[in-house]
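Taken together, the values in this text are just the output of simple stated rules run on the coordinates, not laboratory data. These numbers were taken from a predicted model, which means no experiment stands behind them. All Cβ positions, even for glycine, are placed from backbone atoms using ideal geometry, and neighbour counts span all protein chains on display.
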Amino acid sequence: MATRTPLIAGNWKMNLTHLEGIALVQKISFTLPEKYLKHVEVAVFPPFTALRSVQTLIEADKIDFKYGAQDVSAHDSGAYTGEISGIQLSKLGCTYVLVGHSERREYHHETDEQLAKKVNAAYKHGLIPMLCVGEGLEIREAGNQVAYSVNQLLAGIADVTPEQAESLVLAYEPVWAIGTGRVATPADAQEVCAALRVALAGKYGQETADKIRILYGGSVKSGNVAEICAQTDVDGALVGGASLDGTEFATLAANA
Ligand code: PEP
């Protein structure tokens, strides 16, 4: 079975100026002893406006963090006012891009079909998509969380080849647990993450499925990250609120 390096990813959402972003990366890197970075990968997802500054700092100070964007256009270039393409992001040294965060699905009505195109655009330009899936409260209460999340996954990776899939990252984020302080139990997280891996194995084979990292996201903090990441099919966390405090995020990464 492949060993998967845990990934702790901080989604800053629409927070922080580029100057505040620089200060936050400096704080995380001063607080997180380097020895932890042998066991855990750390990535930050600043707003577009802070990517260039984060890139400059990480390269200049040789900080061993990855970074990525919170969204990517399905298009390469052209008359798409306000969108940012994969070419532009890869030129900024991004490793990852979030695709299908629940806030994009909800507020921007992004459909599974559009998200599949964004996944394809990410791979086309050498970016690793971090595809987010997860059910709302009504679906959870009806007990349909597994089928719902697996359907979102399979729709999002419709065109992904087995070779591309090896680098794919998934984030299982139950919508009812995002920013609410209501965290899924470790067993809840494991149930859906395990089902996602079974679905990946069905499409690409077990060997490839075992290489794919599946993160949990939803009110993860330094105090609960360890028990969540101890689950067999949970390979790290996508963190929102707690990623905005350098000390908390560094402690969270150290505890993962
Ligand atoms: C997120 O937005 O991806 C998230 C998990 O947020 P929070 O950690 O604040 O719940």
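Segment 89-131 and segment 10-88 have Cα centres spaced 15 Å apart. The helix-only estimate of mean residue ellipticity at 222 nm for the chain, built from DSSP H runs of length n ≥ 4 each weighted as -39500 (n - 2.57), is -12500 deg cm²/dmol after division by the residue total. By the scheme Lys and Arg +1, Asp and Glu -1, what is the net charge of all other residues having a beta-carbon under 15 Å from that of His101? Net charge in that neighbourhood comes out at -3.
Considering only His18, Ser243, Ala189, the residue lying farthest towards the positive end of the dipole of the chain is His18, judged by Cα position with unit charges set on Cβ.
So if R0 is 35 Å, what FRET efficiency would Ala194 and Asp159 give, r being the distance between their Cβ atoms, rounded to the nearest 0.05? Rounded to the nearest 0.05, the efficiency is 0.90.
Charges were assigned to the Cβ only: +1 to each Lys and Arg, -1 to each Asp and Glu. The resulting dipole of the chain about its Cα centre is roughly 460 debye.
Based on Cβ point charges of +1 for Lys and Arg and -1 for Asp and Glu, what charge dipole magnitude is obtained for segment 149-256 about its Cα centre, in debye rounded to the nearest 20?
140
State whether the chain is rounded, prolate or oblate according to the following rule on the C-alpha gyration tensor (a ≥ b ≥ c being the square roots of its eigenvalues): a/c under 1.5 gives rounded; otherwise a/b larger than b/c gives prolate, and the remaining case gives oblate. Note, shape of the chain comes out rounded.
Partners of Lys118 within straight-line reach, counting aspartates and glutamates whose Cα lies under 19 Å from its Cα and excluding those fewer than 8 residues away in the same chain: Asp71, Asp76, Glu83, Glu103, Glu106, Glu110, Asp159, Glu163, Glu166, Glu173.
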